[in-house]
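Student: Below is the structure I would like to discuss, written out as structure tokens.
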Amino acid sequence: MDKGIDGVVLAGGRSRRMGRDKALLPFGDYSTLAEYQYRRLLPLFTRVWLSAKENKFPFEVPLLPDRSATYSPLVALASILERIEGEAAFLLGVDMPFVPPRLVSAMLRGYEAERPSILAARGPRGPEPLCALYSRSLLPEIHRRIARDEHRLQALLEFQNARLFPWDNPEAFRNLNRPEEYREARSGWEPEGEK
């Protein structure tokens, strides 16, 4: 557990492919996927937040509101880094319920060793920008990119002080974007995503 790093579940997307707000879908033993992810991060961080446009959650949770009208992970990241209490934020997509806590713990240790601007997991399909640590020192670069209307979080991983953390299990990074992916994930769900 690192007192200088905040855990953040990114839960403010439009969920267009799902057809309804995936953050509010039931998952595991919880009434929402957002709460499932929030509870999983709690043992690993001093502070855990949810990032969203509004407080839509049916449980008590600290919220980092993304008040921009733009739906963009990079804009959300700027809002997060401006408001967190620590020096960095570990960002986890709400739709990635199989990221194992032991990966998050290993990434925290990796960040402690090097203190890069970014430390992102790298799975078999490549870098995972929604399973990554971002330093507050990135804010000027993020603001420059937003001013140029560049919103790809993936492109930020090309930043000079970014590091990748290899993790070979593709199951860890399975996204729940579509109804069929959600149904399949629920039918094969196991606690902590440690398949």
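Student: Show me the GluC sites (Glu not before Pro) within the range 32-138 that DSSP assigns to loop and that have at most 12 other Cβ atoms within 10 Å of their Cβ. Each step should come with its number before you reach the end.
Tutor: Values: sites: E35, E54, E60, E82, E85, E87, E112, E114; in loops: E54, E60, E85, E87.
Sites meeting the loop and neighbour criteria: E54, E60, E85.
Student: Measure off 7 Å from each Cα along the Cα-to-Cβ vector at R115 and E82, then give the distance between these two points in nanometres to one decimal.
Tutor: For the pair R115/E82, the computed spacing is 2.6 nm.
Student: Then there is this: Using DSSP to call loops (not H, G, I, E or B), can you name the chymotrypsin sites (Phe, Trp or Tyr not before Pro) in the range 1-80 whose Cβ has at most 12 other Cβ atoms within 10 angstrom?
Tutor: Hits after loop and neighbour filter: F59.
Student: Next question, about the same structure. Enumerate by residue number the trypsin sites (Lys or Arg not before Pro) in the range 19-120 meeting two conditions: DSSP loop (anything except H, G, I, E, B), and at most 11 other Cβ atoms within 10 Å of the site's Cβ.
Tutor: R20, R67
Student: Return the Cα extents of the range 63-175 along principal axes one, two and three, sorted largest first, each rounded to a whole Å.
Tutor: 36, 29, 27
Student: Between A147 and N175, with labels modelled 7 Å along Cα→Cβ, what's the label distance in nm to one decimal, could you check?
Tutor: Simple spin-label model gives 2.9 nm for this pair.
Student: Taking the convex hull of the Cα atoms, report for the chain its projected area averaged over all directions, in nm².
Tutor: Details: hull surface 40.3 nm².
Mean projected area for the chain: 10.1 nm², to one decimal.
Student: Bin all alpha-carbon pair distances of the range 87-127 at 5 Å intervals from 0 and give each bin's fraction as a whole percent.
Tutor: 5, 18, 32, 28, 13, 3
No lab work stands behind these numbers, since they all come straight from the coordinates. Computed from a predicted structure; not experimentally measured. Note that we place each Cβ from the backbone using ideal geometry, even for glycine, and neighbour counts take in every protein chain shown.
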